[in-house]
Amino acid sequence: MGEITPFQSCISCGATYKIDEIVYTCRKCGDLLEIKYDYNFLRDKITHSDWRSQPLSVWRYRDFLPIRDPSKVVSLNEGGTKLYHCSRLGAALGIKNLYVKNEGDNPTGSFKDRGMTVGVSKALELNAKMVACASTGNTSASLAAYAARAGLSCIILIPLGGVAYGKLAQAIIYGAKVMQVRGNFDHALKMVVEISEKHREIYLLNSINPFRLEGQKTIAYEICDQLNGLVPDRVVVPVGNAGNISAIWKGFLEFFKVGLINKLPKMTGIQAAGASPVASAIKEGRDYIVPVEKPETVASAIRIGSPISWKKALGAIRDSGGTAEIVEDDEILEAQKMLAKYEGIFVEPASASSIAGLKKLVDYGLIDKNEVVVCVATGHGLKDPDAVVKSCGKPHEVDARLEAIENFLGLLSVR
Ligand code: AN7
């Protein structure tokens, strides 16, 4: 039997759309779409394909991705990020088997590159000439880079103030048309959805676009392959717009469906206290979110009050038997320092929220110390150096005299 071509499907009413149809939300009920595959066909295909001989990367998993024309692939060598066993941090938190998946290794320094390599390739397949997104920073840096590589023009809406300078600099240097919207991320997202619905030549690449999440699900595939088929008991993910945790769960489910793994991890989402609609819904046992009007947190990447993929995320957390936790800004900054100090891994505050959340759940006794845990560190620390200077202060100033330096170091012996 031939393959059933991948297609888009509504997560609520099940309405289906062709793989090359430009549709962002379901025309029948308005809900989000996801990409579906012929898993029986895939199961057979991967047993005959040489994918395991390919280097670890997003495109190692091309059989699981919705791009059919290899000549359209836009790549900067994304994915293949390191998975570190963190014994020193693990000991400090009381977890024996702690791993950190360092997404800061990606070409523009965040996991967004996994989504953009697929999303921008799709844009080329669809003959789009213009791509757009709203962003708290990393999505814009990534889209701008991939658009540049593909020769597409790029429109970016970011909230006025609050985007870390490293990310803003990236978007600007890659040549995107960057606008700072007077409002927060939720306002910027609303604007970019409206403009791409009105001007159909603009292809929208926020995570409302299901092709983005297809790239991001490869985080799950890589974790399975890096642990040689061992599935972690738990995967801890920072949650902002809620696309990534949904994508990672989809990845695990798909490896399960095609028989590459035989169990599934508990998906655990972490949000900052000033922007926690998803985690609050989980804690309060609700199946809907209450958007946060004025989201606020030091972790600017996840300063999002009305996450677009909330329904997918609630499903991922509940279906996997996972949980969610809320962390304060000082807990995030403390976790950022711990990861740097104990393991030499420097991540931005949003990424450190996964460590902060893990610490809290272990302290509360909600996570067993024997669990194999993977924390996803979503973005590089150099994206937001201001956050470090604010939390750690500037270095001590000394005169250019040996004695002054010895004095600071406590090396002046009393004679
Ligand atoms: C470092 O760049 O939403 O829950 O516009 O940059 O999938 O949104 C960034 C999100 C976590 C949250 N960690 O992921 C954007 C944007 C980092 C991030 C998240 C983001 P989602």
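The values are calculated or read from the model by the stated rules, or taken from the named source; none is laboratory data. Please read all numbers here as calculations on a predicted model, not as lab measurements. Note: ideal-geometry Cβ built from the backbone for every residue, glycine included; neighbour counts use all protein chains shown.
Being within 20 Å of Lys112 (Cα to Cα) and outside any loop (DSSP other than H, G, I, E, B) is the filter here, so list the residues in the range 279-310 that pass it.
Ser300, Ala301, Ile302, Trp310, listed by residue number.
Checking the condition part of a helix (DSSP H, G or I), more than 17 Å from the chain's Cα centre (by Cα) and more than 30 Å from Val231 (Cα to Cα), which residue from Asp399, Asp386 passes?
Asp386
Only one of these is without any contact (Cβ under 8 Å) to a residue 24 or more places away in the chain, more than 25 Å from Arg234 (Cα to Cα) and surrounded by fewer than 16 Cβ atoms within 10 Å (Cβ to Cβ): Asp69, Asp63. Name it.
The unique qualifying residue is Asp63.
Within the set of pairs 6 or more residues apart or between chains, which connect a residue that is under 12 Å from Thr136 (Cβ atoms) and part of a loop (DSSP other than H, G, I, E, B) inside the range 157-180 to a residue that is within 11 Å of the ligand (Cβ to nearest atom) and among the basic types (Lys, Arg) with Cβ atoms less than 9 Å apart?
Correct list of pairs: Gly162/Arg303; Ala164/Lys383.
Which residue pairs have Cβ atoms under 6 Å apart, sit 6 or more places apart or on different chains, and have a first residue in the range 187-203 that is of a type in the set (Val, Ile, Thr) and a second that is assigned to a helix (DSSP H, G or I)?
Pairs that qualify, where the first residue is of a type in the set (Val, Ile, Thr) and the partner is assigned to a helix (DSSP H, G or I), are Ile202/Ser196.
Return yes when Ile219 is under 20 Å from Ala141 (Cβ atoms), in contact with a Ser or Thr (Cβ under 9 Å, 6 or more places away or on another chain) and assigned to a loop (DSSP other than H, G, I, E, B) and no when it is not.
no
Please enumerate the residues belonging to the range 346-374 that are part of a strand (DSSP E or B) and within 21 Å of Thr136 (Cα to Cα).
Val347
If a residue has to be surrounded by 24 or more Cβ atoms within 10 Å (Cβ to Cβ), aliphatic (A, V, I, L, M) and part of a loop (DSSP other than H, G, I, E, B) to count, how many in the range 230-277 make the cut?
Of the residues in that region, 3 qualify.
Within the range 282-313, work out how many residues are over 22 Å from Lys190 (Cα atoms) and under 20 Å from the mean Cα position of the chain (by Cα).
Summing the residues that are over 22 Å from Lys190 (Cα atoms) and under 20 Å from the mean Cα position of the chain (by Cα) in the range 282-313 gives 2.
Working carefully through the options Ala148, Ala144, Ala132, find the one that is more than 12 Å from the ligand (Cβ to nearest atom) and surrounded by 24 or more Cβ atoms within 10 Å (Cβ to Cβ).
It is Ala132.
Pairs please, first residue from the range 237-259 and without any contact (Cβ under 8 Å) to a residue 24 or more places away in the chain, second anywhere and more than 8 Å from the ligand (Cβ to nearest atom), Cβ atoms under 8 Å, 6+ apart in sequence or on different chains.
Note: pairs meeting the criteria are Leu253/Leu264; Phe256/Asn262; Phe256/Lys263; Phe256/Leu264.
Looking only at the range 25-73, which residues are among the hydroxyl-bearing types (Ser, Thr, Tyr), part of a helix (DSSP H, G or I), more than 21 Å from the chain's Cα centre (by Cα) and under 28 Å from Arg149 (Cβ atoms)?
Ser53, Ser71
Could you pull out the residue among Ile202, Ile195, Ile172, Ile156 that is under 19 Å from the mean Cα position of the chain (by Cα) and among the aliphatic types (A, V, I, L, M)?
Sole residue among the options that is under 19 Å from the mean Cα position of the chain (by Cα) and among the aliphatic types (A, V, I, L, M): Ile156.
Take Glu348 and decide whether it is in contact with a strand residue (DSSP E or B) (Cβ under 8 Å, 6 or more places away or on another chain), among the acidic types (Asp, Glu) and modelled with pLDDT of 95 or more.
Yes; evaluated as a whole, the condition is true for this residue.
Does Ile282 qualify as being over 14 Å from Thr136 (Cα atoms) and within 16 Å of the ligand (Cβ to nearest atom)?
yes
Starting from the range 341-352, take each residue that is more than 8 Å from the ligand (Cβ to nearest atom) and list its partners that are in a loop (DSSP other than H, G, I, E, B) and at pLDDT 95 or above, counting only C-beta distances under 6 angstrom and pairs at least six apart or across chains.
That search, which allows pairs on different chains as well, returns Glu343/Cys86; Pro349/Val298; Pro349/Ala299.
Six or more apart or on different chains, Cβ atoms under 9 Å: show the pairs whose first residue is in the range 289-307 and more than 9 Å from the ligand (Cβ to nearest atom) and whose second is basic (Lys, Arg) and not in a helix (DSSP H, G or I).
So the pair list comes out as Pro295/Arg303; Glu296/Arg303; Thr297/Arg303; Gly305/Lys294.
Give me a count of the residues in the range 86-126 that are in a helix (DSSP H, G or I) and either within 16 Å of the ligand (Cβ to nearest atom) or touching a residue at least 40 places away in the same chain (Cβ under 8 Å) (or both).
Within the range 86-126, residues that are in a helix (DSSP H, G or I) and either within 16 Å of the ligand (Cβ to nearest atom) or touching a residue at least 40 places away in the same chain (Cβ under 8 Å) (or both) number 21.
Please identify the pairs in which a residue from the range 131-156 that is under 14 Å from Phe111 (Cα atoms) has its Cβ atom under 8 Å from the Cβ atom of a residue that is away from the ligand (no atom under 14 Å from the Cβ) and part of a loop (DSSP other than H, G, I, E, B), counting only partners at least 6 apart or on another chain.
These pairs meet every condition: Ala141/Tyr174; Ala145/Leu76; Ala145/Pro107; Ala145/Tyr174; Tyr146/Val74; Tyr146/Leu76.
Which of the residues spanning the range 356-414 are within 13 Å of Leu93 (Cβ to Cβ), within 16 Å of the ligand (Cβ to nearest atom) and either in contact with an Asp or Glu (Cβ under 6 Å, 6 or more places away or on another chain) or not hydrophobic (A, V, I, L, M, F, W, C) (or both)?
If the condition is that a residue be within 13 Å of Leu93 (Cβ to Cβ), within 16 Å of the ligand (Cβ to nearest atom) and either in contact with an Asp or Glu (Cβ under 6 Å, 6 or more places away or on another chain) or not hydrophobic (A, V, I, L, M, F, W, C) (or both), then Ala356, Gly357 are the ones that fit.
Looking at Arg43, is it in contact (Cβ under 8 Å) with a residue 60 or more places away in the chain, basic (Lys, Arg), more than 19 Å from Leu213 (Cβ to Cβ) and loosely packed, with under 15 Cβ neighbours inside 10 Å?
Spelling it out, Arg43 is indeed in contact (Cβ under 8 Å) with a residue 60 or more places away in the chain, basic (Lys, Arg), more than 19 Å from Leu213 (Cβ to Cβ) and loosely packed, with under 15 Cβ neighbours inside 10 Å.
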